[in-house]
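S.K.: Please read through the structure below; I'll follow up with questions.
Where a number appears in this text, it was derived from the coordinates with a stated rule and is not lab data. All values derive from a computational prediction rather than experimental measurement. Here the Cβ positions follow ideal geometry from the backbone for every residue, glycine too, while neighbour counts run over all protein chains shown.
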There are 2 protein chains.
Amino acid sequence: MKSVGIAEFFSKNKQFLGFTSPKRALLTAIKEAVDNSLDSAEDADILPCISVTVTPLHDDIVEVIVQDNGPGIKEEHIPDVFGKMLFGSRFFAGISKRGQQGLGISAAVMYAYLSSGEPIEVTSRHVSEQTGVKLLLTPHIPTNSATIIQREDCARESGITVRLRLIGQLTEGPWSPRAYLEQVAIVNPHAELSYNVAGAEPLVFKRMINVMPTKPTHVNPHPHGLEFGALISMLHSSTSTVLKFLKTELSGVNTRAVSICKATGISSRAKTGALSGDEIHKLHTALQNADLAAPPMSCISPIGSEGICLGLSRLTDTECSIADTRSPSVYSGTPFTVETGLAYTGSDIAGVLFRYANRVPLLYQPGSCVMTEAAKEINWKAYGLSQTNGLPNGLFLLAHVTSPRVPFQSESKDSVANFSTILHELKLSFQACGRQLKTVLDKEKREQDEVSKKKYIKQFVPHVSAALGEILTLDEKHVTATENSLYDLLGLKNE
Amino acid sequence: MKSVGIAEFFSKNKQFLGFTSPKRALLTAIKEAVDNSLDSAEDADILPCISVTVTPLHDDIVEVIVQDNGPGIKEEHIPDVFGKMLFGSRFFAGISKRGQQGLGISAAVMYAYLSSGEPIEVTSRHVSEQTGVKLLLTPHIPTNSATIIQREDCARESGITVRLRLIGQLTEGPWSPRAYLEQVAIVNPHAELSYNVAGAEPLVFKRMINVMPTKPTHVNPHPHGLEFGALISMLHSSTSTVLKFLKTELSGVNTRAVSICKATGISSRAKTGALSGDEIHKLHTALQNADLAAPPMSCISPIGSEGICLGLSRLTDTECSIADTRSPSVYSGTPFTVETGLAYTGSDIAGVLFRYANRVPLLYQPGSCVMTEAAKEINWKAYGLSQTNGLPNGLFLLAHVTSPRVPFQSESKDSVANFSTILHELKLSFQACGRQLKTVLDKEKREQDEVSKKKYIKQFVPHVSAALGEILTLDEKHVTATENSLYDLLGLKNE
């Protein structure tokens, strides 16, 4: 019997991380690199500018180059960031960012090396450094680390360029790199993206706003849904008194801390490590039943209704866009926020749902995702839309779940698990959009009705003025004046 | 930036391991314990005898006790087996067993502790020891280890009993512990299983055969589908000559090793570590294109057609069972075998597919599994069956994929990824069953036709004998004799 290394484990289970078919592997590698570039630029308050270049080389080998204008990585960190799985800054951070687990890019590096046998090239200049560096790396699976096989200085602006060669298949269509970048552009109006494939016109998504998204900050776990065992672990690793623990290591409890201590009969000055199993049980029950404040929104950075509407306006042939951002809620002690959007086309195309988690498009496994379920459970007919197979016709729909810990169904991050609170929030948000859309559609209909009514009335104005002229024996000048007065009265123009 | 422990990673991503809803968590915990019990008994050549007891306690807490008659575990190994993730004997073994990754039972232990806050009780007596031991354990997530909080000697037969208390929900129906054990019983006719729930009659699945399944043995990787990078790693960690490497560290190459060396121009005496990138590339291409022997079957232990038919006979209201076991094949350098079975009911119920991987029933996510896809892609009408939504009516279907490395789509091991060779083998196997079934059904139909024909002829026998009697002026004795001769001739009985 012996221990298995994490890289060994994933090298034999690459499909868990999205590296299944050559088609999907190429998409996943691009996705991981772009996610990292967006996160690091935002961390450094730099408006992201990212280019993706894909070049089929020979046999099944495809080269992917992703270049960014972010803050770069210091040379000593490059081998770990690109060659060590479960290494990163986000896992314990408790903030909502694209990357969470320190797995993505090192998984792409591992897949690239295992499939093509070629080393990975990373060029980086950290903002604090005068010159950049270019490294050739190969991952070493048994030790979950990377070996530098070549190093040279190089001149460049700050940022990172990563070059991967891997067995991949470049395709077009709904699960292609192009479709992925189009969907990235919708929820990142502050980013400039370009996509280059040999022999084709570069595709550029221009920046639409020059404002950075709000930066999320760390937030303590919220007690609602916090597991009994997880609370025990927290209490045992804390050195505070119970009162201080409740106030400073959990969120949402602050003003209730004293009353919770009283209700459970636990001394507020007791050390957390000294609590008996029975006392912890009482404390856990009291926390579950307490009417606590919602967790602070600050660990979450939603796109906001305006941003979503702006992004949806990138879609062609849409008449209007509507969006809704919910207040934060909690699942299993973790805050999350959902946002939804609708782009109305006025046609009767089958509805299309774009799903996002922390601003990252989810392309695969829509059927098992809570966002799809929520969209299909809405009675869209109530908002004046027809509905086929659950989704409303004539709409592009957008759903976004953002959280320091999005509950994905697997490491390949394709779909979000069905927690009932998440489903509920999504449905409320879609319904809010539906009501807004109905208001817009009803108003449009009223306006159209008014226009046709006025058009109808308009044709009688000359006859009424002529009749008045005859009855009152007015001259032609007065008849015209009467006619104009009537048009004015009805808010019409004489044409 | 820092490293994240494997247990920390999975404690925040419990849904990856099948611990989502309380209902599913209970099922997963039972599954992991039963899988381990079956594997360890088989390893020790003991016919498995396993009992599962489920008792709802209070609130949402459910107690699960799984007891086996296996070889037990030595005391010093108990904390690691139950409290350390990615620890085990199978990951590098290259044989087809239920457990592969050393994750399952330690994940169940972690979930139990985090959800209920209660320690885990393990009782074990190793076959080599005189007395047993009872340990109370709690897992310690940051260090991926378990702490012993209580220890006492205890008397018992060899084997293990594990007691978990966890937040769970006991249900009936298709995804229940009962349904799971029923499906385990079908593919494990050599095991005796019992299922006990307070207040209900124990459910016992009797042993049907007293023969152990063939024990799988280790087999080297097969080159077909072996990735370029994986070959580089193998060559670099070997100290052999190229010829010896090809003959002894890969399977299926032996007789071709010399000709492959010649074709690539690589000296058969060259050390593997001294090959250039270009030479490795040539070697890889030559191996991919060579007509190699199939990998040895010995790393795989299929159930066999007889076993499957026996198992399917546990199902009530079936008329006949048919099964097919394919020869082994290869995906990505890994051997696998598929088996399928059909149980014909003669009714027009909607078809039901039981999916298995290494004799473990897969209950969730049938839609994304290659086995479902294969069953639905068959034109069952060609075999005389009607077909609704892809599956044939009137049948229970069984599919089994066995391999040292089943390509699951996620750690929760719900569905098998769609590798084209696996899909192809499954379809061929289902088709073989389909043809067998058609032969049986056709024969039945012919026999029925013959019966009705004979019945029709039978009614003329007395008249023919009477007529012959008249023509030949026979006495009554002779007429009866003639009648009996005619019945004999037609293979009918005089009734």
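S.K.: A:Cys154's amide H: which non-local residues (gap 5+, or another chain) put their own amide H closer than 5 Å, with H modeled 1.01 Å from N in plane and none for Pro or chain starts?
M.R.: A:Gly132, A:Val133, A:Lys134
S.K.: Let me ask something else. List every residue whose amide H lies under 5 Å from the amide H of B:Ala146, counting only residues 5 or more places away in sequence or on a different chain, with H placed 1.01 Å from N in the peptide plane.
M.R.: Excluding prolines and chain starts, which carry no amide H, the hits are B:His140.
S.K.: Averaged over its residues, how many other protein chain Cβ atoms are within 10 Å of peptide B:3-15's Cβ atoms?
M.R.: What the average comes to for B:3-15 is 6.
S.K.: Below 9 angstrom from the Cβ of A:Leu490, what's the summed charge of the other residues (Lys, Arg +1; Asp, Glu -1)?
M.R.: +1
S.K.: If you wrap a convex hull around the alpha carbons of region A:245-349, what volume per residue comes out, as a whole number of Å³?
M.R.: 133 Å³
S.K.: Principal axis extents for region A:188-260, Cα atoms only, whole Å, descending order, please.
M.R.: 66, 25, 21
S.K.: Taking the DSSP beta bridges in region B:298-441 as the whole, what percent of them are antiparallel, to the nearest 5? Write out the running numbers ahead of the final one.
M.R.: Working: 23 of 29 bridges.
Of all bridge pairs located within region B:298-441, approximately 80 percent are antiparallel.
S.K.: List the lysines whose alpha-carbon lies under 19 Å from that of A:Lys247, not counting same-chain residues fewer than 8 positions away?
M.R.: Reachable lysines: A:Lys262, A:Lys271, A:Lys282.
S.K.: Further question on the same structure: Would you mind counting up the charge near A:Leu57? Only other residues with Cβ under 15 Å from its Cβ, with Lys and Arg at +1 and Asp and Glu at -1.
M.R.: -3
S.K.: Given all pairs of different Cα atoms, what value in angstroms does the Kirkwood hydrodynamic radius of region B:373-495 take?
M.R.: After inverting the pairwise mean of 1/r, the radius is 19.3 Å.
S.K.: When the Karplus curve 6.51 cos²θ - 1.76 cosθ + 1.60 is applied with θ = phi - 60°, which whole-Hz ³J(HN,Hα) does each residue of region B:375-386 get, with x for Gly and Pro?
M.R.: Computed from phi, the couplings for region B:375-386 are 4, 7, 7, 7, 7, 5, 4, 4, 9, x, 10, 8 Hz.
S.K.: Something else: State, to one decimal in nm², a quarter of the convex hull surface area for the C-alpha atoms of region B:1-44, i.e. the direction-averaged projected area. Don't skip to the end; give the middle numbers.
M.R.: On the way: hull surface 16.9 nm².
Mean projected area of the Cα convex hull: 4.2 nm².
S.K.: Now for a separate question. Whole-Hz Karplus ³J(HN,Hα) for region A:458-472, in order, using 6.51 cos²θ - 1.76 cosθ + 1.60 and θ = phi - 60°, x for Gly and Pro?
M.R.: Coupling constants for region A:458-472: 3, 5, 8, 3, x, 5, 4, 5, 4, 4, 4, x, 5, 4, 8 Hz.
S.K.: Here is a further query. May I ask you to evaluate 6.51 cos²θ - 1.76 cosθ + 1.60, the Karplus curve with θ = phi - 60°, for each residue of region A:391-408 and list the ³J(HN,Hα) values in order in whole Hz, giving x for glycine and proline?
M.R.: Here the 3J(HN,Hα) series is 7, x, 7, x, 10, 9, 10, 10, 10, 9, 10, 10, 6, x, 8, 5, x, 5 Hz.
S.K.: Rounded, prolate or oblate: which one fits region B:6-205, using the alpha carbon gyration tensor with axes a ≥ b ≥ c (rounded when a/c is under 1.5, else prolate when a/b beats b/c, else oblate)? Spell out each step's value before the answer.
M.R.: Values: a/c = 1.25, a/b = 1.02, b/c = 1.22.
Rounded, because the longest to shortest axis ratio a/c is under 1.5.
S.K.: Find the eigenvalues of the gyration tensor of the Cα atoms of chain B, then list the square roots of 5 times those eigenvalues as equivalent ellipsoid semi-axes, largest first, in whole angstrom.
M.R.: Value: 51, 35, 20 Å, ordered largest first.
S.K.: Next question, about the same structure. For region A:219-289, state what percent of all Cα-Cα pairs lands in each successive 10 Å bin, counting from 0 Å until the bin that includes the largest distance.
M.R.: Once binned at 10 Å, the Cα pair distances of region A:219-289 give 22, 67, 11.
S.K.: Debye sum, Cα scatterers, region A:152-287, no solvent: what log₁₀ I/I(0) at q = 0.13, 0.14 1/Å?
M.R.: Values returned for q = 0.13, 0.14 Å⁻¹ are -0.71, -0.73.
S.K.: Something else now. Can you tally the net charge around A:Leu114? Count Lys and Arg as +1, Asp and Glu as -1, for every other residue whose Cβ sits under 10 Å from the Cβ of A:Leu114.
M.R.: Charge balance near A:Leu114 sits at 0.
S.K.: Where does the Debye-calculated log10 I(q)/I(0) of region A:390-448 sit at q = 0.23, 0.27 Å⁻¹, using only Cα point scatterers of equal weight, no solvent?
M.R.: With no solvent term, the Cα-only Debye profile gives -1.04, -1.20.
S.K.: May I pose another question? Quick one: what Rg and Dmax do you get for region A:340-390 from the alpha carbons, in Å?
M.R.: When restricted to the Cα atoms of region A:340-390, Rg and Dmax are 11.7, 31 Å.
S.K.: Quick check on the exposure proxy: order B:Ile30, B:Ile457 from fewest to most C-beta atoms within 10 angstrom.
M.R.: Least to most surrounded, the residues fall as B:Ile457, B:Ile30.
S.K.: How tilted is helix B:228-237 with respect to the longest principal axis of chain B? Cα atoms for both, answer in degrees (0 to 90, nearest 10).
M.R.: 60 degrees
S.K.: Which percent of the Cα-Cα distances in the protein assembly as shown go past 58 Å?
M.R.: Percent of Cα pairs beyond 58 Å in the protein assembly as shown: 22.
S.K.: Give the distance, in whole Å, between the Cα centre of region B:34-59 and the Cα centre of region A:227-257.
M.R.: What the calculation gives is 38 Å, centre to centre.
S.K.: What longest range of chain A stays clear of loop-exposed trypsin sites (Lys or Arg not before Pro) (DSSP non-H/G/I/E/B, at most 11 other C-beta within 10 angstrom)?
M.R.: It runs A:270-492.
S.K.: Name the residue farthest towards the positive end of the dipole of region B:186-319 from the options B:Ser301, B:Gly199, B:Ile266, assuming +1 on Cβ of Lys and Arg, -1 on Cβ of Asp and Glu, about the Cα centre.
M.R.: Value computed over the given set: B:Ile266.
S.K.: Percent of Cα-Cα pairs per 10 Å bin, from 0 to the last occupied bin, for region A:299-441, please list those.
M.R.: 13, 47, 34, 7, 0
S.K.: Further question on the same structure: Every other copy gets compared here: list the nm distances from the A:Lys262 label point (7 Å along Cα to Cβ) to its counterparts, shortest first, one decimal.
M.R.: The answer, with the shortest distance listed first, is 9.4 nm.
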